[in-house]
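This report refers to the structure that appears directly beneath it.
The values are calculated or read from the model by the stated rules, or taken from the named source; none is laboratory data. Quick caveat: nothing in here was measured; it's all calculated off a predicted structure. Don't worry about glycine lacking a Cβ; one is built from the backbone with ideal geometry, like all the others, and counts go over all protein chains shown. When the accessible area is computed, the model is the full protein with side chains, heavy atoms only, and any ligands, DNA or RNA have been set aside. Shrake-Rupley method; radii C 1.70, N 1.55, O 1.52, S 1.80 Å.
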Amino acid sequence: MKKTYLFWLFLLGLTQNIFAQIDTTLFRRKPILDSTKMNIDAVYSRPFLQVGRTPLGVGGYAEMNTNFGITDGIGEGFSFQMRRMTLFLGGSLHQKIKFMSEIEFEDGTKEINIEFAAIDFQFNNLFNFRGGIIMNPIGAFNQNHDGPKWEFSDRPISATQMLPATFSNVGMGFYGKKYSKQWVFAYEAYLTNGFDETIIDNGNSRTSLPTAKANKNRFEESSNGQALFTGKIAIRNRKIGEFGLSYMGGVYNKFQDDGFILAPKRALNVFAIDFNTTIKKTKTSIITEWAWVNVDLPNNYAVQYGSKQSGGFVDIVQPVYKKPLLGFPNSTFNIACRIERVDWNVGKFTETGDKIYDEVISIMPAISWRPIPSTVIRFNYRIQKQWDLLGNPPSKTGVFQLGVSSYF
Amino acid sequence: MKAKYTLSIITFGFFIATACEKLLPVSPYENAVLDGTIKDLTTAETAQFLRGDAAFAKVFTANTGLGPLFVSNSCISCHAGDGKGHPSTSLIRFGQTDETGNKFLLLGGPQLQHRAITGFNPENIPSGASQATFIAPSNTGLGFLEAVSDADILALSDPDDKDNDGISGIPNWIELANFLTPKPNAITKNGKYIGRFGRKAGVYNLFNQTVNAYNQDMGIVSAYSPNDTYSKEALDPEVTNAEIADVVHYLQTLKAPIQRSVESTEVKAGKELFVKNQCGACHTPSMKTANSTIQGLNNKTFAAYTDLLMHDMGKDLDDNYTEGSAKTFEWRTTPLWGLGLAKDSQGGKVHLMHDGRAKSIEEAILLHSGEALKSRQKYAALSSKEKQELIKFLESL
């Protein structure tokens, strides 16, 4: 019974034509930007529809998937997930002044977030000013997270459950690029509002930077009157690929109130490295990001909350069949695999000297079909092992996902 | 041509669907895990079990009532996998050395809350107070232990050692907390009742234990125990009575650990040695429950390997701290069921005895003294093959 059910859904996923026909003559489609772009360019390297002759551009993407997962023989059955629909709305007020926004509807309309809404003053390549709701450029995923760009329905665990994926804040800063023959150098540096004490006191019972996303007040005021610094430098070589180094840090606790000192200032520091490349000969692309989190904790704090975390992922994507198919001249089939690991609590128990766990590893092979570059139908299988704090026998999870993600 | 396509797609689909079944992790054997319910639960009882399970796993934060003083932030953090606890979540009690009660109640006794939410200072042990460390016991099969009649427990007791085996065994007679009602057929002595939970058997029943745990371990006040450990003042409940009832039901209906390798000759030989070496004189191999409204606990025989009584365990295990009328050197016989699964909840190693000081089963046995001295000496005199058999038996539990 279960088998045939799965099978029909599989067929449905393959054949379904999810995009209704619309009259596109009104719009001029700006092409998706080429692959020499860097992560820093992700905000603008998206397909846009330009409305008539106006300077307005609209776009967005949507993604949904089916989910069938089992942990240690027990499953929640089958479900459909509307992950998110994101709208981009942007425009140029002047050749050098641009506005861009990204509004996300997550899990239906459970969450509506302005992920990005900033004005850019583009003085010259090396020196641009950005102000508004900014995506903190920690790692590469946070900058370059659009669903259709990835071969997997799930975002990386390290990016969502260790680093705060699509963490955005009000703030301002500078960014720029410098070109030389084979090389491009890019930088970004912003001051924004930031984290609060829920990162070390939350329902996940672990140090969790993503919990701070729930605090919507951060768009109004800093939780402690301190700015969070986020900076990134990246270099790209046309032959080798792109390498990025980023840092995010600041004081996260409320150390004073009404002029009274409540506690010592406690800081958090996050470092991330990322790398991506495409091997010319085989067309294999590799995307990877690893990050390290360091949080100052109060003395004698609950052991569940770690002061150090580390984790990341490697995606390998291999195009295997690139030929016109069913009327799509650029149709491509890929096989891919993501390997990921997160350790939410790096350290040793003071009582026993043994390693503290709270870790996960996951391997996720995938098959994807891109009828056009900006649309992907992907089939993922995840096998995952997760250890509790003490390192007891891990729970094992297997998940199948068939998903669609597309720009529109 | 078309038919061929369709056929290959269908075959591929079936291939995928079959592979899916193979690729999904299966449940571990029922006897390999502590999780799970007793038999014969009604659907309503199962639903309540699930609610209790969720409440047991609930993580408290400063916002949801944690602290201000606490030891840990959820039941499950100290009782991982419902099994024995880890030294990192042990708790410390202090301030009582005899049946006259705790002299340090105004100074934070009986329990040390050595953690605090931000903005508060955790407690310290006041000078002059002696202390004992407690590592969490497993939470499985407790419904059976709760449903044993007082008369059965007393029948195992031999305060004056009339049978002359060197083993007495007495209940811990405790005062009943004001929110408790005694069970029908409760036996009393000078207005005191038989305690049966906790390593000092200082707690009357699972309801009592749950209410105390919320208050003392997590700083979560309830209608039953409204006084906050920090301010000592009565506060509005931070956990509902219904949630407490669910957790109590969960504890009552968690299944008893299931013995493994029952048929192995080594295990069988080990069981004989267990009885021959007098281990069974305290670790009673078989008990029965009285009447219970929960069918799965009603008049059932079970093998917990405890007599629920207190025994003099000698000087080395005397921490100069006690509860109720028990002596500082007396401890409640630890149930041995689930012993073989202990390492699966204690992080791959065992931490046995009341404070987790024994790092192997053998070490635990060699720490026995007092009433258990003879029994330990008998163990020490066994050949290494026999020791091996006895330990294999204990690991099968």
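GluC sites (Glu not before Pro), restricted to region B:259-336: which are DSSP loop and have at most 14 other Cβ atoms within 10 Å? Before the final figure, lay out each step's value.
Working: sites: B:263, B:266, B:272, B:323, B:330; in loops: B:263, B:323.
Loop-located and lightly packed - B:263.
If you add up the charges near residue A:240, with Lys and Arg at +1 and Asp and Glu at -1, over every other residue whose beta carbon is less than 15 angstrom from its beta carbon, what do you get?
Working: positive: A:181, A:236, A:238, A:239, A:280, A:281; negative: A:242, A:274.
Value of the local net charge: +4.
To the nearest 10 square angstrom, what accessible area does residue B:235 show with a 1.4 Å probe?
70 Å²
Only counting protein heavy atoms at a 1.4 Å probe, give the residues of region B:103-136, ordered by number, whose accessible area falls by 20 Å² or more when the other protein chains are present relative to the chain alone.
When all protein chains are present, B:114, B:115, B:118 each give up 20 Å² or more of accessible surface.
Rounded to the nearest percent, how much of the accessible area of the protein assembly as shown (1.4 Å probe, protein heavy atoms only) is carbon and sulfur? Present the calculation step by step, with values, prior to reporting the outcome.
Working: 21920 of 36930 Å².
Solvent-exposed carbon and sulfur of the protein assembly as shown make up 59 percent of the total.
Determine how large the accessible area of residue A:85 is when every protein chain is in place; take a 1.4 Å probe and give Å² rounded to the nearest 10.
70 Å²
Per DSSP H run of at least 4 residues, take -39500 (n - 2.57); add these up for the protein assembly as shown, divide by its residues and hand me the 222 nm value, nearest 500 deg cm²/dmol.
Numbers: 13 runs with 131 residues, N = 805.
Value at 222 nm, helices only: -5000 deg cm²/dmol.
Mind ranking B:22, B:58 by accessible surface for me, highest first, 1.4 Å probe?
On the way: B:22 165, B:58 75 Å².
I get B:22, B:58, largest accessible area first.
Which order do you get for B:393, A:174 if you rank them by accessible area with a 1.4 Å probe, largest at the top? Show your work: numbers first, answer last.
Values: B:393 0, A:174 80 Å².
From most accessible down to least: A:174, B:393.
Classify region A:36-407 as rounded, prolate or oblate, taking a ≥ b ≥ c as the square roots of the eigenvalues of its Cα gyration tensor: rounded when a/c is under 1.5, otherwise prolate if a/b is larger than b/c and oblate if not.
Numbers: a/c = 1.65, a/b = 1.13, b/c = 1.47.
In terms of gyration-tensor shape, oblate.
Given a 1.4 Å probe and no ligands, DNA or RNA in the count, how much accessible surface is buried by A and B, both sides, to the nearest 100 Å²? Write out the running numbers ahead of the final one.
Numbers: alone 20800 and 19360 Å², together 36930 Å².
Approximately 3200 Å² gets buried when A meets B.
Which of the lysines could a cross-linker span from residue B:288 if the Cα-Cα distance has to be under 19 Å and same-chain partners fewer than 8 positions apart are dropped?
Filter leaves B:39, B:183, B:255, B:300.
Could you give the longest part of chain A that holds none of the trypsin sites (Lys or Arg not before Pro) found in DSSP loops with at most 15 neighbouring Cβ atoms within 10 Å?
Numbers: sites that count: A:53, A:96, A:110, A:181, A:238, A:239, A:265, A:280, A:281, A:283.
Longest site-free region, per DSSP loop and neighbour criteria: A:284-408.
In whole Å and largest first, what semi-axes does the C-alpha gyration tensor of region A:280-408 yield when each eigenvalue is scaled by 5 and square-rooted?
That gives 40, 15, 12 Å for the three semi-axes.
Can you give the mean number of other chain Cβ atoms that lie within 10 Å of the Cβ atoms in peptide A:389-402? All intermediate terms of the calculation are to be shown ahead of the outcome.
Details: counts 6, 13, 5, 10, 9, 0, 2, 4, 2, 7, 2, 6, 0, 1.
Going residue by residue through A:389-402 and averaging, the value is 5.
Label residue A:330 and residue B:185 with points 7 Å out from Cα along Cα→Cβ: what is the distance between them in nm?
A separation of 8.0 nm, rounded to one decimal place.
Assuming 0.36 nm per residue, please report the length gained on full extension of the stretch residue B:245 to residue B:295 beyond their Cα-Cα distance. Show your work: numbers first, answer last.
Values: separation 50, 0.36 × 50 = 18.00 nm, distance 1.78 nm.
Extra length available between residue B:245 and residue B:295 comes to 16.2 nm.
With springs connecting C-alpha atoms under 10 Å apart, model chain A as a Gaussian network and identify which of A:255, A:229, A:333 has the largest mean-square fluctuation.
So, out of A:255, A:229, A:333, the one fluctuating most is A:255.
Kindly identify region B:35-252 as rounded, prolate or oblate by the Cα gyration tensor criterion: order the square roots of the eigenvalues as a ≥ b ≥ c, call it rounded if a/c is under 1.5, otherwise compare a/b with b/c, prolate if a/b is larger, else oblate. Don't skip to the answer; put the middle values down first.
Values: a/c = 1.75, a/b = 1.16, b/c = 1.51.
Note, shape of region B:35-252 comes out oblate.
Under a cut-off of 17 Å between alpha-carbon atoms, report the lysines in cross-link reach of residue A:37, not counting same-chain residues fewer than 8 places apart.
By straight Cα distance, residue A:37 reaches A:149, A:177, A:178, A:181, A:232, A:239, A:280, A:283.
Rounded, prolate or oblate: which fits the protein assembly as shown, taking a ≥ b ≥ c as square roots of the Cα gyration tensor eigenvalues, rounded meaning a/c under 1.5, else prolate when a/b beats b/c?
Values: a/c = 2.58, a/b = 1.82, b/c = 1.42.
It comes out prolate by the Cα gyration axes.
Within region B:29-118, list the chymotrypsin sites (Phe, Trp or Tyr not before Pro) lying in a DSSP loop whose Cβ has at most 15 other Cβ atoms in a 10 Å radius. Let's see the in-between values first.
Values: sites: B:29, B:49, B:56, B:60, B:70, B:94, B:104; in loops: B:29, B:60, B:104.
Those that pass, being in a loop and sparsely packed, are B:29.
Set the Förster distance to 56 Å, then compute FRET efficiency between residue B:40 and residue A:124 from the Cβ-Cβ distance, nearest 0.05. Please list the in-between numbers first.
On the way: r = 78 Å, r/R0 = 1.39.
Given R0 = 56 Å and the Cβ-Cβ separation, E is 0.10.
Which residues belonging to region B:78-98 lose at least 20 Å² of 1.4 Å-probe accessible area when the assembly is complete, relative to their chain isolated?
Flagged in region B:78-98: B:80, B:86, B:87, B:88.
Provide the solvent-accessible area of residue B:173, counting protein heavy atoms only and rolling a 1.4 Å probe, rounded to the nearest 10 Å².
Looks like 30 Å² after rounding.
Got a sec? What order do B:231, A:331, B:261 fall in by accessible area at 1.4 Å, biggest, i.e. largest, first? All intermediate terms of the calculation are to be shown ahead of the outcome.
Working: B:231 45, A:331 0, B:261 75 Å².
So, going from the largest accessible area down, we get B:261, B:231, A:331.
So which lysines pass the test for residue B:385, namely a Cα distance under 24 Å, with those fewer than 8 places away in the same chain ruled out?
Answer for residue B:385, where 24 Å is the Cα cut-off: B:268, B:271, B:276, B:343, B:349, B:359, B:374, listed by chain and number.
Counting heavy atoms of the protein chains only and a 1.4 Å probe, report the per residue accessible area for region B:35-252 as a whole number of Å². It would help to have the intermediate numbers written out before the result.
Working: 9040 Å² over 218 residues.
The answer is 41 Å² per residue.
Counting Lys +1, Arg +1, Asp -1, Glu -1, what net charge surrounds residue A:382 among other residues with beta carbon under 10 Å of its beta carbon?
Working: positive: A:338; negative: A:154, A:340.
Overall, the nearby charge balance is -1.
Determine the relative contact order of chain B: mean sequence separation of Cα pairs under 8 Å and six or more apart, normalised by residue count, in whole percent. Walk me through the numbers before you get to the answer.
Details: 786 pairs, mean separation 85.3, N = 397.
Computed over chain B, the figure is 21 percent.
GluC sites (Glu not before Pro), restricted to region B:231-260: which are DSSP loop and have at most 14 other Cβ atoms within 10 Å? Intermediate results must be reported in sequence, preceding the final value.
Numbers: sites: B:233, B:238, B:243; in loops: B:233, B:238.
When the GluC sites (Glu not before Pro) of region B:231-260 are filtered for loop state and at most 14 Cβ neighbours within 10 Å, B:233 remain.
How charged is the neighbourhood of residue B:35? Take every other residue with its Cβ under 12 Å from the Cβ of residue B:35, and add Lys/Arg as +1 and Asp/Glu as -1. The partial results should precede the final answer.
Working: positive: B:255; negative: A:72, B:30, B:53, B:82, B:344.
Net local charge, residue B:35 excluded: -4.
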